[in-house]
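Working notes, structure below.
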Amino acid sequence: MRKKWFEGSCTIGCRFQSLEHSIEDHGKFYEGVVSCMPGISSVELLEQGSDYLIIETSEGIMKRTNLKKSIKQDIVVVEYDEEYKAGKMVTTHSHFLDEFTSNEDGIKLKTTISDVRASGVLGLIYRLFGSSNIGKAVLNSHKTYLEALED
């Protein structure tokens, strides 16, 4: 059983087919999503394989591993582990589960972040106080990226 750190959802004004097409190339998809995160000024996909990707941001190196995608008629589920080295100050480890479901308004995204670990004083502050801000930023970055596909 995973220990939940954040769980939230949002509605995205995007056609389900746009999501299905975009998520096929998970490296390009997450490079785009991460570029919509607040405070991130640069994003570059360094490497990707069938079940992992490595992205360099203005803040550090993000490794997403054990990536699993399930694409069905009205639902896309993506799950992965993340290690994010934000400079030399803090490294976070977490597990993400994103469930995209088609509905009459577009897509409902439910994101669950669990098993968050981060060491040191900054890590403690991150674990105790960061869940709402980080979780909402993750939801909003997906929304911004996917809605831009419709323009």
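The values are calculated or read from the model by the stated rules, or taken from the named source; none is laboratory data. Predicted model, so just to flag it, every value in this text is computed and none were measured. Counting neighbours? That spans all protein chains shown, and the Cβs are built from the backbone with ideal geometry, glycine included.
For Ile40, only one of the following conditions fails: (1) part of a loop (DSSP other than H, G, I, E, B); (2) over 28 Å from Leu122 (Cα atoms); (3) of a type outside the set (Ser, Thr, Tyr). What is its number?
Here Ile40 meets the rest and fails (2).
If you check Ile113 against the conditions, is it of a type in the set (Val, Ile, Thr) and farther than 16 Å from Gly32 by Cβ? Steps first, please.
Working: of a type in the set (Val, Ile, Thr): yes; farther than 16 Å from Gly32 by Cβ: yes.
The answer is yes for Ile113.
Out of curiosity, is Lys136 outside any strand (DSSP E or B), more than 17 Å from Glu59 (Cα to Cα) and among the basic types (Lys, Arg)?
Considered against the rule, which asks whether it is outside any strand (DSSP E or B), more than 17 Å from Glu59 (Cα to Cα) and among the basic types (Lys, Arg), Lys136 comes out as yes.
Among the residues of the range 32-51, which ones are farther than 16 Å from Thr65 by Cβ and surrounded by 14 or more Cβ atoms within 10 Å (Cβ to Cβ)?
Keep residues of the range 32-51 that are farther than 16 Å from Thr65 by Cβ, which gives 32-33, 35-44.
If the condition is that a residue be farther than 16 Å from Thr65 by Cβ and surrounded by 14 or more Cβ atoms within 10 Å (Cβ to Cβ), then Gly32, Val33, Ser35, Cys36, Met37, Ile40, Val43 are the ones that fit.
What pairs come up if the first residue lies in the range 58-70 and is closer than 15 Å to Gly39 by Cα and outside any strand (DSSP E or B), the second is of a type in the set (Val, Ile, Thr) and modelled with pLDDT of 95 or more, and their beta carbons are under 9 Å apart, counting only those six or more places apart or on different chains?
Final answer for the pair search is Ser58/Val43.
Name the single residue that is farthest from Lys88 (Cα to Cα) among those in the range 107-135 being of a type in the set (Gly, Ala, Ser) and surrounded by 17 or more Cβ atoms within 10 Å (Cβ to Cβ).
We begin by selecting, within the range 107-135, every residue of a type in the set (Gly, Ala, Ser); these are 114, 118-120, 123, 130-132, 135.
Narrowing the set further to residues that are surrounded by 17 or more Cβ atoms within 10 Å (Cβ to Cβ) leaves 118, 123, 130-131, 135.
Numbers: Ala118: 13, Gly123: 12, Gly130: 19, Ser131: 21, Gly135: 23 Å.
Ranking the qualifying residues of the range 107-135, first place goes to Gly135.
Please go through the range 23-53 and give me each residue that is more than 23 Å from Gly130 (Cα to Cα), of a type outside the set (A, V, I, L, M) and within 14 Å of the chain's Cα centre (by Cα), ordered by number. I'd like the intermediate steps shown before the answer.
Our first condition is that a residue be more than 23 Å from Gly130 (Cα to Cα); within the range 23-53, this holds for 23-29, 44-53.
Next, from what is left, pick out any that are of a type outside the set (A, V, I, L, M): 24-29, 44, 47-52.
Across the range 23-53, the qualifying residues are His26, Gly27, Lys28, Phe29, Tyr52.
If I go through the range 52-69 residue by residue, how many of them are in contact with a helix residue (DSSP H, G or I) (Cβ under 8 Å, 6 or more places away or on another chain) and either surrounded by fewer than 16 Cβ atoms within 10 Å (Cβ to Cβ) or not hydroxyl-bearing (Ser, Thr, Tyr) (or both)? Write out each step before concluding.
The first filter runs over the range 52-69 and keeps only residues in contact with a helix residue (DSSP H, G or I) (Cβ under 8 Å, 6 or more places away or on another chain), leaving 53, 55, 57, 62, 64, 67, 69.
With either surrounded by fewer than 16 Cβ atoms within 10 Å (Cβ to Cβ) or not hydroxyl-bearing (Ser, Thr, Tyr) (or both) added as a condition, the list becomes 53, 55, 62, 64, 67, 69.
Here the count works out to 6.
Can you tell me which residues in the range 71-111 are out of contact with any Lys or Arg (no Cβ under 9 Å at 6 or more places or on another chain) and among the charged types (D, E, K, R)?
Residues of the range 71-111 that are out of contact with any Lys or Arg (no Cβ under 9 Å at 6 or more places or on another chain), as a first pass: 71-75, 86-90, 103-105, 108, 110-111.
Result: Lys72, Asp74, Lys88, Glu104, Asp105, Lys108, Lys110.
Name the one entry in Glu56, Glu20 that is over 15 Å from the mean Cα position of the chain (by Cα) and of a type in the set (D, E, K, R). Write out each step before concluding.
Working: Glu56 fails: over 15 Å from the mean Cα position of the chain (by Cα).
On inspection, the qualifying residue turns out to be Glu20.
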